Structures are given as C-alpha cells and as structure tokens.
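Working notes, beginning with the structure itself.
The values are calculated or read from the model by the stated rules, or taken from the named source; none is laboratory data. Note that the coordinates shown come from a computational prediction; the quantities given were computed from them, not determined experimentally. Note that we place each Cβ from the backbone using ideal geometry, even for glycine, and neighbour counts take in every protein chain shown. Heads up: the accessible areas ignore ligands, DNA and RNA and are worked out on the full protein's heavy atoms, side chains in. Shrake-Rupley method; radii C 1.70, N 1.55, O 1.52, S 1.80 Å.
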Amino acid sequence: MPETTRARAIAEVALMAGVIVALGLVPPLYVLGLPVPITAQTLGVMLAGAVLGARRGALAALVVLVLCVASLPVMSGGRGGLGVLLGPTGGYALGFVPGAFVTGLLARRAMALPSRTRGLAMVGACLVGGVAVVYALGIPWTAVVTGLPLRTTALGALVFVPGDVLKAVLAGTGALLVHRQVRVEQMRPAAEDDLARPRA
Amino acid sequence: MEHLDLAERRIGVVGANGSGKSTLLRLLNGLLLPASGTVQVDGLDTARDGRAVRRRVGFVFADPGEQIVLPVVGEDVAFGLKNRGVPAGQRRAMVRDQLDRLGAGHLLDRSAHTLSSGERQLVALAGVLVMNPATLVLDEPTGTLDLVNALRLATLLDSLDLQLVAASHDLGLLEAFDRVLVLDEGRVVADDVPAAALEAYRRLAARTAASDRPTVTG
Amino acid sequence: MSLLETTAPRPGPLRAVGAGTKLVALLGVGVLVAVVPRPAVLLTLSGVGALALMLARPTWRSLARPAAAWGLAAVLTAGVQLVTADVATARDSVLRLTALALPALAVMASTATEELLDAVLAAARPWRAVGVAPESVALTVALTLRFVPELVATAGRLRDAQRARGARPQVLALAVPLLVHALTMSERVAQAVVARSFFDRGDDRDQLLAPDPAPGARA
C-alpha cells in the first residue's frame, strides 16, 4: 500500500535521527581491547547512510541539524544551538548531511557485492562518506571561523583521524549486522539475496 | 478465506501467534489489501475508498506507545482530528472532552514518554475514540497491561457504544463477546459463540502444544 | 517541546523580532565574517552582537556552556596564532570568533525553541513545489522528538545490561540492537500514522521520500 511505504520513509528518517541523537547522549563506549572509550554520534551518522541509504540517511542527519538550530541539546554531549554550527567545529556537524549521503550511495553498491568483499566495501563507504567528506567540510570551515591558515586546521584535524577511522570500521561492520537482521527495501541489491530475512 | 460477514457488536479473534490474526485485523481498516477478493466496510471498498473506511474504523495497536506519535499527549490525541481538518479550537475541546471521559483529563499536557503503560493505553484509545469511529479494531489491547488495568480496560470497552473487533490472548475479555473466530495458519477453523469457540481454541492449542513437531511462530 | 527542559527567554526588545529574521541575520553575519574579515567589520559585528546579547538579558545558566565553548576556542586559536604568527593575527582571529559568537548567543538567548523550530519548518513550505509536503517534514521532526527519550532509555538499558555482565559497554553491542529496535519500531509507527489518517489529508506529494521501486516488492 503506497501510503504505508511513504509513512515508512517518514518513520525511518525520524527514528534514525532519534538514534543519532541518542548515540550522542550516551556516555562514551568502549571497543574491544582499547583502553580509551569513544563517542558514538559520528558512528550514528555513518550508520544512517549505511543502513537507510543515501536519501533517508542524509534526511535523518538533516533532522538532527534542524533540532540543533532550534537550540535543542542534540549534538554530542548534549550541546545545541546555532552557535555550535557557526563555531569552529560547525563544519563537521554540517558535514553530517553530505557525509551520510555519500556513505549511503557507496553502501548500496557495497550491498551488491559478494559477501567476501562486502565488509571491506562497507567500511570503505563509511570512510569516504563518514570521514573524508566530513573533514572536507570541517577543515575549511574551521579556517574561516578562526582565521587560522588551512594547513594548521588540517594538521589539527589529523589528531582525530585515527579515532574516526576506527568508527568507520565499526560502522561498516555494524551496518552489515543490522542488514542481516532487518530488511531495508531501498538497500536491497538488484540481484536476488541469499538469505530470506524476516520483514521488520 | 471464504466470505466472512462481521456484523455482530462484539467480535473476538483468537489464534496462535502467526495464525493470521494481525493480518485479518489490518484488512478491516485497509492497512492491508486483500490479495484476492474484496473487503468492504459499510459497503465501502477498502481498496478504493480507504479514506472513508478509515473514518469509520479506528485501529488500536498492540503497543500503545508506538501509536502515540507526537511528544505531548494533547497534541497526539488531536492528531487524527487535525488530519481530518477539524479547526484548532474545536480540536482542543474534543480532545479535552475525550480524555475526561476516559478519566485521563489530567494527562493533557504530559510528555508521552513519562506515561505508565496503563496511561499509554488510555491515551492511545483517546486518540482513536475522539474520531468517533463506528467500529474499533483492537490488536491485543491488554497485552501490555497488568491484571488491574486489563480489567479496567475490559470494563471501559464494554461501555463503548460501537462495534468492537478484538484479537486477544486474554480469553476472559472475549468471554463476554457475541462471536469469536478461531484462526489457525491463516484460516478460520472455528466461528461460534465464545463458549464454543474458545473451547475449540483450547483443544487446538493443547493439540499443537503436545504435537511432535515443535514450531516456533510469531 | 518536551525533549529536555529549555529555559524560556526573558522578555525584551529582541523578543518581538521574528525567529526567521534572526536566523537570516545570523546567516548574514556568517557570510560577512567569511567574505570580509576586516578588523573594522569584525569589531562592528562583535559590538552589535554584544549589545544584542545585553538586551536579551540571558540567564547565566543557559549561557554558561556555549560561552565556555567559544571561550576555549578563542584561547586555543589565539595561542596558536601567537606562536605561529603575530599578535595582530591573533587579535583578528579572536575578533572573528566574537563576531560570530555574540550574535549567535544573542539569538539563542532571545528566541524560544518553539519559535526557532517553527521558523525552520516554515522554510520547508516552498519545497512543496519540489514534492516535499511540509506536514511530512513537521511530522518527521515531531516523531524524532517523541521517540528520542525512549531511544535514550533503551540505550541506557543496553548499557546497563552489559555492565551487569561485568563487561565495559561496547559500541556495537549497543548500537546494533538499538538500530534494529528503531527500525522494527518504524514499521509499526508507520502503520499507526496511516491508520490515524495522516495521508487522508488531501493533496500532498512526497516524492523526496519516495523509495526507489525494489524488484518484486509486495503490495
């Protein structure tokens, strides 16, 4: 029924936005073996694209930004307000939207690959969308806001790269785990899938 | 499924999980459309006249929390009215009135996530009843409730002057109904007054439980 | 909004100005800082911002966090500039930050969340021409606000469960079940939205949200 599919789109976007916010409000979480915990919101953004696809993933990120502009405490750690977006790290937040979009585009391609290469491709999707695209927006933004030269802001950003690469690996893996349990229509590859998964 | 005419005032539906109860209920308000044949409500075809059907048939879902879609109770109860174009002032009055009638007037300005499970059920119900449906379809209405709240809900439902079609595992609720359908694997295997139908269901359930092929459904 | 308690802005001359106007003004400030970052311009913007902030009479509590964040950024930036460049450059950097921060804080302090949300959603209305129904946008935002507290609670439960097993809470052990939970919920919430006549409103188009047709999709 067409209305149910349109409603499904609205609900998926809204609940994914909710997950992105929730992951920003949860205290930092651990990764097996590592002594230092990590924050999970950027992971949520990558997952948005990798699980829901480009369009809905980007819309979910956009909803989060809309709530941020409305001064709601939805950014990592419970921050909010237009000041966050206008500030030095605003570009990284704005990057959520194109980041999720690109992640989604590549993730859909990844889903069509054989299971041997799918995992790697999914991680690659999260790296390109969730890290490269986001930094491409974040680094120049910081330069404009602070007046620091681009090289300096780029060097400064390097510090965060290892953590974000780790998140991309986690997101790529996590997305595949989610796809194994829930059927997301718009991410299904054109070819027949091997497993019969239950309709969510 | 052959021709089924649901005209009685209180109709119950029982069956194991996966037996088709949810499917049957969703055919009644057009959420699901039949693969073959038609479903008609008051002469209206669910496939062609969905809007009109949904005006007549209210649906109460198994998890009331998921049926409450807006953050504040008052807003949510007004959701259906707003969709139907009822003006704001009138909506306010109707919402207040409906909540009061359910004894839930004090919940008007509450945030949805602070409600107890009993309160959620009332709010979800209010949101549907405020639309004045002719028929109320309920999917496991007492599923999330403790015994006290379940009994309260049963009394409440009994007092409503509209047709009820309820799928439930709560056999006590259905004992007072006019007619009960027993479903098994997508087909109606018994259709009778509650006493007889529920007895048939108990026998079926016992047989299934004792059978050598354990199947997990639902 | 009931997501979390937000302090209501105090009455003052800025309250009369529309939220949409303020947001557009902030956008203008941003463009100016980016395009014409001359000290005179930055100083003027900072001055206007400071004045606006004083007129808004913010509570200290609501201001503390964002002000601290901006302050930290200013100190770090100034520090880097002093080391790598000179005092003048450091001063200009700090001026950029104040030119952005003060007006932003003034807007935040003088505008209620509801107003800001309404202003942003109003910006969605012209998109009707491209196939986005503003009511769908509003519903999506409202649904998010509705379910964030529940999702946070679920995340908390997942976290507690891991701790109860004596483990440090793991990222994927929380994120994956949370997502699966959210997605299965979305199917049922979608049904409720339909059953409660959201799509019986009249003419609206939602092409932006329409899924690509999957082969062999069931009706």
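Coupling constants for the stretch C:175-187 follow from the phi torsions by the Karplus curve (6.51 cos²θ - 1.76 cosθ + 1.60, θ = phi - 60°), and in residue order they are 5, 5, x, 4, 5, 4, 4, 4, 6, 5, 5, 4, 4 Hz; glycine and proline get x. Burial here means at least 50 square angstrom less accessible surface with every protein chain in place than with the chain by itself, probed at 1.4 Å; in the stretch A:61-81 the buried residues are A:66, A:67, A:70, A:71, A:72.
Think of the stretch C:129-208 as having a plus end and a minus end, set by charges on the Cβ of Lys, Arg, Asp and Glu; of C:147, C:183, C:173, C:173 sits farthest toward the positive end of this dipole. In the stretch C:13-122, Rg over Rh equals 1.01, where Rg is the alpha-carbon radius of gyration and Rh the Kirkwood radius from pairwise Cα distances.
Kirkwood Rh, Cα Rg: Rg to Rh for the stretch C:129-208?
That ratio equals 1.14.
Look at the alpha carbon pairs under 8 Å that are at least 6 residues apart: their mean separation over the length of chain B gives a relative contact order of 30 percent. When 1/r is averaged over all different Cα pairs and the result inverted, which Kirkwood radius in Å belongs to chain C? About 21.6 Å for chain C. Annotation note: trypsin sites (Lys or Arg not before Pro) in the stretch A:1-106 located in DSSP loop regions with a Cβ neighbour count of at most 12 within 10 Å are absent.
Here the protein assembly as shown is treated with +1 on each Lys and Arg Cβ and -1 on each Asp and Glu Cβ, and its dipole about the Cα centre works out to around 1800 debye. Element breakdown for the stretch A:69-113 at a 1.4 angstrom probe: carbon and sulfur atoms account for 71% of the accessible area. Ordering B:111, B:182, B:29 by Cα displacement along the dipole of chain B toward the positive end leaves B:111 in first place; charges were set at the Cβ atoms of Lys, Arg (+1) and Asp, Glu (-1). A full extension of the chain between residue B:100 and residue B:33 corresponds to an added length of 20.6 nm, given 0.36 nm per residue minus the alpha carbon distance.
With +1 on each Lys and Arg Cβ and -1 on each Asp and Glu Cβ, how big is the dipole of the stretch C:129-208 about its Cα centre, in debye rounded to the nearest 20?
Computed about the Cα centre, the dipole is about 640 debye.
Only helices enter this figure: runs of n ≥ 4 DSSP H residues, each worth -39500 (n - 2.57), summed and divided by the residues of chain B, yield -11500 deg cm²/dmol at 222 nm to the nearest 500. Dipole size of chain C about its Cα centre, with +1 on Lys/Arg Cβ and -1 on Asp/Glu Cβ: approximately 580 debye, rounded to the nearest 20.
Kirkwood hydrodynamic radius computed over chain A comes to 17.1 Å, based on all pairs of distinct alpha carbons. Here the 3J(HN,Hα) profile of the stretch B:83-94, calculated from phi with Karplus coefficients 6.51, -1.76 and 1.60 at θ = phi - 60°, is 4, 8, x, 6, x, 4, x, 5, 4, 3, 5, 5 Hz, Gly and Pro shown as x.
Less than 5 angstrom separates the built amide H of residue B:184 from those of B:189, all sequence-distant by 5 or more or on a different chain. The portion of the accessible surface of the stretch C:129-208 made up by carbon and sulfur, rounded to a whole percent, is 56 (1.4 Å probe; DNA, RNA and ligands excluded). The residue list B:18, B:135, B:7 was ranked by how far each Cα lies along the charge dipole of the protein assembly as shown toward its positive end, using unit charges on Cβ atoms, and B:18 comes out on top. Distance between the 7 Å Cα→Cβ label points at residue C:163 and residue A:154: 4.3 nm. What does a probe at residue C:25 reach in the stretch C:77-115, counting residues whose amide N is under 18 Å from the point 7 Å along Cα→Cβ? Residues C:98-115 qualify, since their backbone N sits under 18 Å from the label point.
Projected onto its three principal axes, the C-alpha set of the stretch B:26-69 covers 33, 21, 13 Å, listed from the longest axis down. Surface exposure of chain B, expressed per residue as accessible area with a 1.4 Å probe, stands at 49 Å². Using the Cβ-Cβ distance between residue B:207 and residue B:109 with R0 set to 56 Å, the FRET efficiency works out to roughly 0.60. Spacing of the modelled spin labels on residue C:118 and residue C:60, each 7 Å from Cα toward Cβ, amounts to 3.3 nm. Taking amide hydrogens as placed 1.01 Å from N in the peptide plane, the amide H of residue B:41 sits under 5 Å from those of B:46, each at least 5 positions away in sequence or on another chain.
Taken along its three principal axes, the alpha carbon spread of the protein assembly as shown comes to 93, 60, 49 Å, from the longest extent down to the shortest. P(r) tail, the stretch B:51-206: Cα-Cα pairs separated by more than 18 Å, 60% of all pairs. Need the per-residue list for the stretch A:128-153: every residue with at least 50 Å² less accessible surface in the complex of protein chains than in the chain by itself, probe 1.4 Å, sorted by number. Correct list: A:144, A:145, A:146, A:148.
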